[in-house]
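Below is one structure, written out as structure tokens, with a few remarks after it.
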Amino acid sequence: MMFVRQRERLRPSLALPVAFTCAVIASGCGQNANNSIGGKIEAIPLVSCAAHLADGIRPIADTRDTRFLGKVTEETARCRGGGSAVAGRELPWVDWPRYYGAGDGPTESFWPTRNWRGVNGALLDLEYERIELIRFNLFDNSGTFEEYINGRPGTSQSGSTLQSWPSMRLPATNPNFTAVGGTGQQLCQGSLIRGRTLSGICNDIFNPLMGSTGTLFARNVE
């Protein structure tokens, strides 16, 4: 059930890519490219930023074959990481570790606005990957995913804010049923949370059954 917990922590929001993209572009294109030493060098990435902005917001994929795979256009790579990021596009790995400030020490630029573009561009790439991985590669038949997407019937609470799941409650047949709260709100406590249990219950104190013996896995392949 690791994916179930991950998606609770990482809540999908289609607004985030839009906000990040605007921030990434504004941070670079708002800079005067000729107001300091090295301004002419910075002008080339800023032209690429303008071209990147002109392309518009990348839509969330509708089918698995059009998923974002971590590879960006040449103009986007130059805006976010300069020549190093452009050269890295030929490699099989994702592009974002070569963005300004997003990888190891050598990726950090003297110019703060470059690092701002690079780091926010990396976050944008990761957000697209995360949203589309959940959309196309999370197959969960435990009963939690539908509520996560659609919310819980009878409440106005968003599915992404839910903390407990009926399908993850201990059944009355479990020896620890009473210890976690029985028919009321279930909460692991005491000796059940001081160490691992043999059956794996209480890995999540609000969802005692999650990840325990006999529970269904959320898988990333059909």
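Observations on the structure shown:
- Hits in segment 96-129 (condition: farther than 16 Å from residue 48 by Cα and part of a loop (DSSP other than H, G, I, E, B)): 101, 102, 103, 104, 108, 109, 110, 111
- Matching residues in segment 210-222 - criterion: being surrounded by fewer than 12 Cβ atoms within 10 Å (Cβ to Cβ) and not aliphatic (A, V, I, L, M): 213, 214, 222
- Residues in segment 162-209 that are in contact (Cβ under 8 Å) with a residue 40 or more places away in the chain, open to solvent by 20 Å² or more (accessible area, probe 1.4 Å) and part of a helix (DSSP H, G or I): 167 only.
- The number of residues in segment 67-92 that are open to solvent by 50 Å² or more (accessible area, probe 1.4 Å) and under 18 Å from the mean Cα position of the chain (by Cα) comes to 3.
- Matching option when the condition is within 28 Å of residue 222 (Cβ to Cβ) and surrounded by fewer than 16 Cβ atoms within 10 Å (Cβ to Cβ), among 55, 62: 62
- Selection status of residue 219, within 30 Å of residue 68 (Cα to Cα) and of a type in the set (Lys, Arg): yes
- Residue 116 closer than 18 Å to residue 85 by Cβ, more than 20 Å from the chain's Cα centre (by Cα), open to solvent by 40 Å² or more (accessible area, probe 1.4 Å) and touching a residue at least 40 places away in the same chain (Cβ under 8 Å): no
The values are calculated or read from the model by the stated rules, or taken from the named source; none is laboratory data. Quick caveat: nothing in here was measured; it's all calculated off a predicted structure. Cβ atoms come from the backbone with ideal geometry, glycine included; neighbour counts cover every protein chain shown. For the accessible areas, the whole protein counts, side chains as well, though only heavy atoms, and no ligand, DNA or RNA atoms are used. Shrake-Rupley method; radii C 1.70, N 1.55, O 1.52, S 1.80 Å.
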